[in-house]
Amino acid sequence: MAKMNVIFDRCKGCELCTTACPKGIVAIQHEKRNKEGVFTAYCTDDDACIGCAMCAMMCPDCAIVIES
Amino acid sequence: MKGNEALAEAAIRAGCKCFFGYPITPQTELSEYLSKQMPKRGGVFLQAESEVAAINMVLGAGATGTRVMTSSSSPGVSLKSEGISYIAGSDVPCLIVNVERGGPGLGSIQPSQQDYWQATKGLGHGDFRLIILAPNSVQEVVNLVVRAFDLGEKYRVPVMLLSDGLLGQMMEPVEFPEISAEGADNSGWAAVGTKMQREHHIVNSLYIEANDLEEQVRKRYERYAVIEENESEGESYLCDDADIVITAFGATSRIAKSAVNKARAEGIKAGLFRPITLWPFPKKQLLDATKQAKAVLSVEMNMGQMIDDVKLALDCKIPVSFYGRTGGVIPSPNEVLEEIRKLNGGIK
Amino acid sequence: MAVKFQRPHALCDVRLHYCAGCTHGIIHRLVAEVIDEMGIEGDTVGVCPVGCSVFAYNYFGCDMIEAPHGRAPAVATGVKRARPDLNVFTYQGDGDLAAIGTAETVHAATRGENIAVIFVNNGTYGMTGGQMAPTTLPGQVTTTSPYGRDPRKAGYPIHVCEMLSTLDGTALAVRTAVDTVPHIRETKKMIRKAFENQQKGNGFSIVEVLSTCPSNWGLTPKESIKRLQEECIPYYPLGVYKDVNMEEANADKLAMGGAAK
């Protein structure tokens, strides 16, 4: 099992990571804004994450850390 | 040696490792000499695509703490002004040589001092200064080139040596002083790689917050104040009892000196004051030289530029008049003598 | 669990000032990853442009110099000539590199300067608010081409890689994009090649990266990626325009002489 960690205050909510995920499990949450006032990206299904890091490669802000 | 070649040789001996320039008359011999000598003596000579590129290469090499220079002539220096402003704003030391010619525009290729204002007041946008050195002989060219590199590194300011077509083309005997080209320790700011041993150095002139920029500029002006206090230099000749003091810099000061000698032979008490640093302008030295003076005459190869600084220094306490030729015309000692005679008649 | 992907060391741990979805951040990271992987952060000097990436000196961990607008290749030339032991790169946008800095770019290339140029082409002046750039597409509306760029009046867009690949001093001229992960991987490979060329003394290398500007294109980041794919890439085809060993490619000219005696 791999883990996609979003650095909450670095994420700008641009959604580019959501276009990169081959599993379609990256989305934007609409519950909590970060200190920049944006809704951030998150992994909708940790168990399905394969740790390919494509979301992180697409992220312009180094806001995603992948663990596996 | 020819003035331009002596300047180039002195630069190499002073530890200049890089030259970036663009061809222009009348500084040509300088870059030609360096193109021959630099490769043989472990230095870099590069002919750039423009004056703009050349001065930015100077910024790059200077940012590594390397002794670097460029040379040009009046229209070319105008083109360099963008880079000079950035270099001053980034606190990068370097030597810029201007072998002045006639202007404005393409002007002429004859000797001139029409860039006094440009050098001392208008070398680019923003609040900044360059140290401006104005030699009047080939020997002094050599001495001041060495000093220019030392001053630049000591205060982290760009330095300009203001020569002209006369000095550049003049042949005179010259001795090269023993030079220890050690240079200053630039390791505290230069961009030479962190070696993973320190925080990165940023050589930069951008401060987007107004207060930050003001602080940077103020710090720089504190250094300028020290330079004004310690580095102002002028030379007095027969000024102690002089009724009439001529002020002249560079090659013009030699013409003025002949005129002073001729005037003395006629019994006129004339003297000469020659600023060697145009910025900082040697105000105190000029005040000393004009203690007895009843009139001051500024002689320049332009329409009257240094006269502004002479008047400011004297604070309107002595009348200051002007004599100059421009466009590349060189005034003769007799023309200057005639002006001295007129002034002498006026004060009697 | 072990960390598999994170910010490279050569990219400082600070928030980038770029707008949301601006691909500058991806390209910054790729340069930093290459610097990390080659182990050269301590011996690298970067030169920043004027434009949106003007603050890049705050983002790269290596020593940095801020150049006047368009002059980065000249500044980099000065650094490299003074200190050939350093790795030197410029990071420039399209207005900087292909308009005001055209002369500096072309001549650094023709001299075969051993520098790596990272050229970010998004077809607009982002920092000043979206004016027409030398690479703005025909018909594209910007704040200074409000009726769409008319080549009859405003001239034609410059194809930088095609132009520079005609010069003998250019070792590598390649155009990539950062619209997809495969393209991002390819971009990184080419940036690495540019740095390696420099270490081999193989001359001038330029990596042109087609990029987006959501704010000034008036599109969302996702829509911007779509426009990049549908409009920009067809106009500026991706690919390797030149990739040579400069000494071999110019053997006839080098044989004509000029070596110091």
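So, of the residues in the range B:300-348 that are of a type in the set (D, E, K, R) and not in a helix (DSSP H, G or I), which turns out to be nearest to the chain's Cα centre (by Cα)?
B:E300
Would you tally the residues in the range B:165-189 being in a loop (DSSP other than H, G, I, E, B) and under 25 Å from the mean Cα position of the chain (by Cα)?
Our first condition is that a residue be in a loop (DSSP other than H, G, I, E, B); within the range B:165-189, this holds for B:170, B:172-189.
Next, from what is left, pick out any that are under 25 Å from the mean Cα position of the chain (by Cα): B:170, B:172-186.
Residues flagged as in a loop (DSSP other than H, G, I, E, B) and under 25 Å from the mean Cα position of the chain (by Cα) within the range B:165-189 amount to 16.
State which residue is nearest to C:N122 (Cα to Cα) when the search covers only the range C:173-225 and only residues that are in contact with a Pro (Cβ under 9 Å, 6 or more places away or on another chain) and away from chain A (no Cβ under 14 Å).
For the range C:173-225, the residue satisfying everything is C:R175.
Specify the residue that is surrounded by the most Cβ atoms within 10 Å (Cβ to Cβ); the eligible residues are those in the range C:33-66 that are under 21 Å from B:A191 (Cα atoms) and under 14 Å from the mean Cα position of the chain (by Cα).
C:V47
For (1) at pLDDT 95 or above; (2) farther than 27 Å from C:E41 by Cβ; (3) assigned to a helix (DSSP H, G or I), each residue gets a yes or a no:
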{"site": "C:R149", "(1), (2), (3)": "yes, yes, no"}
{"site": "C:P157", "(1), (2), (3)": "yes, yes, no"}
{"site": "C:F195", "(1), (2), (3)": "yes, no, yes"}
{"site": "C:E208", "(1), (2), (3)": "yes, no, no"}
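Table: residues versus (1) surrounded by fewer than 17 Cβ atoms within 10 Å (Cβ to Cβ); (2) among the polar types (S, T, N, Q); (3) touching a strand residue (DSSP E or B) at 6+ places or on another chain (Cβ under 8 Å).
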| position | (1), (2), (3) |
| --- | --- |
| C:F119 | no, no, yes |
| C:Y125 | no, no, yes |
| C:L137 | no, no, no |
| C:T142 | no, yes, yes |
| C:K153 | yes, no, no |
| C:L164 | no, no, yes |
| C:A171 | no, no, yes |
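Residue under question is C:A82, and the condition is that it be closer than 24 Å to B:E49 by Cα, in contact with a Cys (Cβ under 6 Å, 6 or more places away or on another chain) and either free of Cβ contacts under 8 Å to residues at least 12 places away in the same chain or more than 8 Å from chain B (Cβ to nearest Cβ) (or both); does it hold? Steps first, answer last, please.
Numbers: closer than 24 Å to B:E49 by Cα: yes; in contact with a Cys (Cβ under 6 Å, 6 or more places away or on another chain): yes; either free of Cβ contacts under 8 Å to residues at least 12 places away in the same chain or more than 8 Å from chain B (Cβ to nearest Cβ) (or both): yes.
Here the answer is yes, as C:A82 does meet what is asked.
What is the number of the single condition among (1) more than 8 Å from chain B (Cβ to nearest Cβ); (2) surrounded by fewer than 23 Cβ atoms within 10 Å (Cβ to Cβ); (3) not in a loop (DSSP other than H, G, I, E, B) that C:L97 does not meet?
(2)
Search the range B:193-208 for residues that are facing chain C (nearest Cβ under 7 Å) and at positive phi and pair each with any residue that is buried (at least 20 other Cβ atoms within 10 Å of the Cβ) and in a strand (DSSP E or B) when their beta-carbon atoms are under 8 Å apart and the residues are at least 6 apart or on different chains.
That search, which allows pairs on different chains as well, returns B:G193/C:T44; B:G193/C:V45; B:G193/C:D63.
Given the structure, is C:L16 buried (at least 19 other Cβ atoms within 10 Å of the Cβ), at pLDDT 95 or above, facing chain A (nearest Cβ under 10 Å) and outside any loop (DSSP other than H, G, I, E, B)?
no
Mind checking which pairs have a first residue in the range B:324-338 that is free of Cβ contacts under 8 Å to residues at least 24 places away in the same chain and under 20 Å from B:M170 (Cβ atoms) and a second that is among the aromatic types (F, W, Y) and in a helix (DSSP H, G or I), Cβ under 9 Å, 6 or more apart or different chains?
That search, which allows pairs on different chains as well, returns nothing.
The values are calculated or read from the model by the stated rules, or taken from the named source; none is laboratory data. Bear in mind the structure is a predicted one, so any value in this text is a computation, not a measurement. Positions of Cβ are generated from backbone atoms using ideal geometry, with glycine treated the same way; all protein chains shown enter the neighbour counts.
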